[in-house]
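Asks: Take a look at the following structure, please.
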Amino acid sequence: MAQSTPQVELPISATLLGRFYYDEGGNSKWMAAFVQSSGFPILIPLFFFFKSPKKTDSSPLEKPSKLTLYMIYIAFGLLLAGDNLLYSYGMLFLPVSTFSLISASQLPFNALFSLVLNAQKFTALILNSVVVVTISAALLAVNSESETSEEFSGGKYAIGFICTVAASSAYALYLSLLELTFKKVTKSDSFDTVLKMLFYPSFVASCCCVVGLYVSGEMSILTAEMNGFSKGEVSYLMTLIWTAILWTIGWIGMMGLISEVSSLFSNVIGTLGLPTVPVLAVFFFHDKMDGVKIISLLLAVWGFLSYVYQNYLDDSKDKSTKSEDIEATITH
């Protein structure tokens with residue numbers, strides 16, 4: 001599959017809005033999970049502009065059956081719903097700056113899954129990136145005492161940390177499985193295929209979250225939650241709506257990078273935005289930025305740059321190889 005110009009797709013604004021939702025009076029974990037996947041209706045117009053390519057007799061690729069695709073959509077939707085819920089708990093029990101830095105642990109998880117599922121080659125720079133980002137997250141784990149407060153107690157911090165790491169591993173697995181699906185099952189990287197792999201799992205995940213809202217009893221308190229939102233009812237609705245839209249826009253970019261390049265590359269490009277979240281959190285949410293967190297932030301940036309440089313080397317090598325092949329063809 002050909003490489004395309006990458007887009008930074010991580011919805012930084014959605015992450016900040018998620019913290020804003022909790023800080024201003026929101027408390028529903030299932031609602032916070034729901035908005036992470038419920039923006040899929042905005043994709044409907046795109047299906048009319050990017051229709052499925054017509055099947056030709058010369059096409060050697062055998063398309064998967066509808067039953068197979070439905071099972072894949074359901075499986076991805078269930079995994080996505082669980083991942084969203086874990087992230088919601090992590091966001092609730094951690095300062096947003098700490099949450100974003102721990103979320104960077106998805107990179108080493110993704111590297112591991114890419115090695116096993118996607119035959120991703122490991123180099124010294126990729127290994128360096130994985131180790132450094134892992135150390136970055138580990139520093140925050142051992143620095144939990146400085147983060148504890150009345151809002152984020154020791155027990156809540158521990159739950160938030162575990163949920164965020166679990167969510168990061170599930171997210172990494174999701175990305176690697178998506179890449180495997182594009183290559184081995186759908187055998188297509190058309191925009192229509194990408195849209196379907198986003199739309200239908202998001203629909204399944206949203207349905208699961210609605211069920212979770214009813215089963216947990218949180219559905220019955222949403223009206224009171226909206227009325228008690230410190231910024232007002234309109235702000236409450238706008239927070240949820242824009243969080244859903246921003247997550248969906250981020251997913252479009254992420255899915256495109258997976259289909260065109262790889263899940264690991266998509267993850268790195270996405271996590272490039274994470275270091276900006278702690279800085280913004282200091283200004284908007286008055287998070288503490290102590291020495292350990294600054295070191296963690298610098299290590300995370302170092303890890304991201306290591307992988308980006310490795311990708312630059314690989315891209316330069318591919319271009320050089322293609323150029324040599326063209327020259328050899330012309331010569332002969």
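The values are calculated or read from the model by the stated rules, or taken from the named source; none is laboratory data. Values in this document were obtained by computation on a predicted structure and should not be read as measured data. Here Cβ is always computed from backbone atoms with ideal geometry, including for glycine, and neighbour counts include all displayed protein chains. These accessible areas exclude ligands, DNA and RNA; they are computed on the full protein's heavy atoms, side chains included. Shrake-Rupley method; radii C 1.70, N 1.55, O 1.52, S 1.80 Å.
Asks: Picking from 150, 145, which residue would you name as being open to solvent by 30 Å² or more (accessible area, probe 1.4 Å), in a helix (DSSP H, G or I) and at pLDDT below 80?
Replies: Residue meeting the stated conditions: 145.
Asks: Please work out which residue is modelled with the lowest pLDDT, limiting yourself to region 187-200 and to residues that are within 15 Å of residue 64 (Cβ to Cβ) and not basic (Lys, Arg).
Replies: Residue satisfying both the conditions and the ranking: 189.
Asks: OK, next. Within the bounds of region 213-220, is there any residue that is open to solvent by less than 20 Å² (accessible area, probe 1.4 Å), closer than 29 Å to residue 68 by Cβ and in a helix (DSSP H, G or I)?
Replies: no
Asks: Considering only region 58-105, how many residues are open to solvent by 10 Å² or more (accessible area, probe 1.4 Å), part of a helix (DSSP H, G or I) and among the polar types (S, T, N, Q)?
Replies: The qualifying residues number 1.
Asks: While we're on this one: Could you tell me which residue of region 169-212 is nearest to the chain's Cα centre (by Cα), considering only residues that are acidic (Asp, Glu) and assigned to a helix (DSSP H, G or I)?
Replies: 179
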